[in-house]
Amino acid sequence: MIVCGDDGLAHRLAAELRGVYGEQVTLVVPPSGRRVRQPVVGRARAASAALLDRVSAAVNRTGTGGTEPAANEQIVEAPEVTEAVLTDVGADRAAALALVYDDDETNIRAALTARRLNPRIRLVLRLYNRRLGQHIEELLDQTAAVASGTGLGTAGGLDASTTVLSDADTAAPALAATALVGTSKVVQTEGLVLRAVERQPPRPGEVADPGLCTLALLSATSNDPAGADGSEGSGEQGPQLLPDETAVASATGRGTVVLEQVSYSGPSLPTGRGGVPPFASLFSRRLRWSLAGLVGCVLALAVALMFVTGEHPLYATYVTLLDLFGINDPAYHASTGRQVLQLLSGLVGLLLLPVLLAAVLEALGTFRSASALRKPPRGLGGHVVLLGLGKIGTRVLTRLRELHIPVVCVESDPEARGMATARRLRVPVVLGDVTQEGVLEAAKIHRAHALLALTSADTTNLEAALYARSVRADLRVVLRLYDDDFATAVYRTLRAAHPFALTRSRSVSHLAAPAFAGAMMGRQILGAIPVERRVLLFAELDVAGHPQLEGRTVGQAFRAGAWRVLALNTAPPGGRRGEGESPEEEGAPASGLVWDLPPTYVLGADDRVVLAATRRGLAELLGRRRRERAGA
C-alpha cells in the first residue's frame, strides 16, 4: 500500500492501514522543511497560546505525538510525485495507491502516471471537484480495462478500480449534524440519508427506546467532565459500538446512539425559480400599501363617475384612466360632479407618478442585490454561525441548508471558494476576520444556537471558540481541527473548563481516513458516524465471497461490536445514481434499499447489503480478500 500526501490525512490514512488492516505501508510526503505550522494570531492570542501549550503538553504525555515510523511503515520524502518517485516506491507492483494531496491537479497528474506504470493498481484519489471526479473515475477505469483486456465487472477489473473521494464530503455531514438538536449524526450519500440520534440515559425503571436499532452505547463517563471522553484507551468505560440486545438491556446510566430515521431529504433552497426573487420581495411593504391605496382610489372614482354620468362601468373606468393620466379633454360644459371627479382624477395621477418611480427603483435594486451578499436580518436568532467558506465550510453550508437550518456565514476572503454557493443559497455573509472586534457580533453570535468554526487554521477556530464562550457560556460550539490528537486534547480541556456547555472538536482526518482506507481495500464506504472519539462506518458489500454473511440469516450475520446488516440493496449495480443527482431528476425512488429485513432472511450470494461496522470489523470482513491477493 502506498499513500502520498502533504497533510494530516496522509499520516492518519497510513496509521489506519497499519493498525486496522495490518498492511505494509509506504508513505510519500514532502520534505520536512515544506510543512510549516501556522502561527497563533488574533485578539485572543495570549489565551489561545496558553491553551495550545496545555494541549501540546497533554498530547506529549500520551506518547502519541512521535514521528518515528512504525515497523510496517516506510517514509519517503519527495517534493512531488513523479514517475521516478512512483517507481522507487514500487507502484508498479503495489496493490493500492492513495493520492491525498490538497491540490486536485497534483492528484490527477500522479494518478495518470501510476495507471500507466501499473494498469492493475487500485487508485484512491482525493478530489474536491465531484463532477471532474466522476469523469476521472471513468477514464482511469477504462484505461485499466483496455490495458488488461478484461471488463471492469471482472475480478481483475475490481483490482484496478478507481475511487474518487473528498474529505470535505466525508466530514461535512458529521460536522453539520453536531450543531443540530435531536440529530447528532448524519450520513448522506447517493440520495441516502441515515440519521442517528444521541439519547440520554433512561431513568431508573425505564427502558431505553432502541429506535430502529441501537448503533452504540455512549461511554459511562460521558457526563463526567474529567472522564476519558470515549477514547480508545477507555476500556470497558468507553463507548460500545453495535451492542447486542443483552448489552443494551444491561446498560445503566449510559446514553445511546440509535438509528431514528432513514429517508431521502432533497434540498429545498429559497432561491426562487431561475434565481428570480419572488414578487412579494420586489417591493417594500409600505410601497405595496401605497399601490393598493391608489388602485382603490381609481376604482372609487370610476364608480362615482358611473353614478354621476350613468355610463357603463367599463366606459366609466376608461374615462377615469384618461383623466388620471391627463390625456382627456377638459370637462368645460359638463356637470359640476363630472368636473370635480376630473380634478380628483388628475390629483390622483400626480400622486401616482412618484409611486410608480419608487416601484421601478425598488425592483431594480432588488434584482441588483439578488446576486450580492445578504446581511443578517434584524431579530435573527436560533441560527448557526459558520466560520469559513473553504472546502469544508462550503460542504457543511450545503448540508445545513438541506436540513432547513438558518445560517450566517463569516468569511475574511471575498473570493473564497464558497462565496458563490452562499449567494446562490441566499445565505447572509459577514465579511471580516473572526479575530477582529465586532465580526462575530455582526453575525448575531449572542443569539445564535451554535457556532461551527471551520476555517483552515486550527488556532483561528480555537480563538473563535474561546471568544464565543466568553460571550455565551451555553453556546453549542463545534471546532474543526485537522489533527486528531490535537482535537482530542482540545475537547478534554474545553469540556473540563466548561462542564455545562456542549463543546465538540472534530478532526477531519479522523472522519475521512476510514473511508479512504476502506476504498483502498476495495470497498466503498458510504459514510462515517463519530461516536465520541470512535467511528462507526457504513459500507456496501456484495455478500458473495464473505463466509461471515453468505448463507446466513440476518440474525446470524450480526456480530456484536463488529458489524450489523442494516438494509438490502435491490437496485442494479449500474443503476445507482451519481453524486449530486436527486430522485426527482430520475423519476425513481430515492434508493433500492429494503430496511425491514426479518432476522430470518437468508443472505444469498447475489445480494448486496448495507451494513454498519467498526473499523476492525470491516477489516475482518475484508481480510479474506486481502489474503487471497497476497497468496496470488
For the range 78-129, which trypsin sites (Lys or Arg not before Pro) are both in a DSSP coil and crowded by at most 13 other Cβ atoms within 10 Å?
ARG93
With all protein chains present, calculate the accessible area of ASP103 using a 1.4 Å probe and round the result to the nearest 10 Å².
70
As a test question: what accessible area, to the nearest 10 Å², does LYS391 have when a 1.4 Å probe is rolled over all protein chains in place?
50
If you filter the range 374-439 for GluC sites (Glu not before Pro), then keep DSSP loop positions with at most 14 other Cβ within 10 Å, what is left?
GLU415, GLU437
Reported to the nearest 10 Å², CYS297 has, with a 1.4 Å probe, an accessible area equal to 60
Between LEU526 and residues 5 or more places away or on another chain, the pairs with built amide H atoms under 5 Å apart involve PHE538, ALA539, GLU540
Rounded to the nearest 0.05, FRET efficiency between SER32 and ARG378 (Cβ-Cβ, R0 60 Å) equals 0.70
Under a 1.4 angstrom probe, counting protein chains only, how are TRP289, TRP563, TRP595 ranked by accessible area, largest first?
TRP289, TRP595, TRP563
ALA544/ALA420 FRET efficiency (R0 51 Å; Cβ-Cβ; nearest 0.05)
0.70
Taking all protein chains together and a probe of 1.4 Å, list MET520, MET1 from the most accessible to the least accessible.
MET1, MET520
Quick one: if the Förster radius is 51 Å, what FRET efficiency do ASN129 and VAL295 give, using the C-beta to C-beta distance and rounding to 0.05?
0.50
Descending accessible area (1.4 Å probe), largest on the left, turns GLU463, GLU198, GLU80 into GLU80, GLU198, GLU463
Zone reached by a paramagnetic label modelled 7 Å from ALA358 Cα along Cα→Cβ, restricted to the range 320-343 with backbone N below 19 Å, covers none
Stretched out fully, how many nm does the piece from LEU597 to GLU437 gain, at 0.36 nm a residue minus the Cα gap?
52.0 nm
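The values are calculated or read from the model by the stated rules, or taken from the named source; none is laboratory data. Source: prediction; values computed, not measured. No Cβ is skipped: glycine too gets one built from the backbone with ideal geometry, and neighbour counts run over all protein chains shown. The protein model used for the area step is the full one, side chains on, heavy atoms only, and it has no ligands, DNA or RNA in it. Shrake-Rupley method; radii C 1.70, N 1.55, O 1.52, S 1.80 Å.
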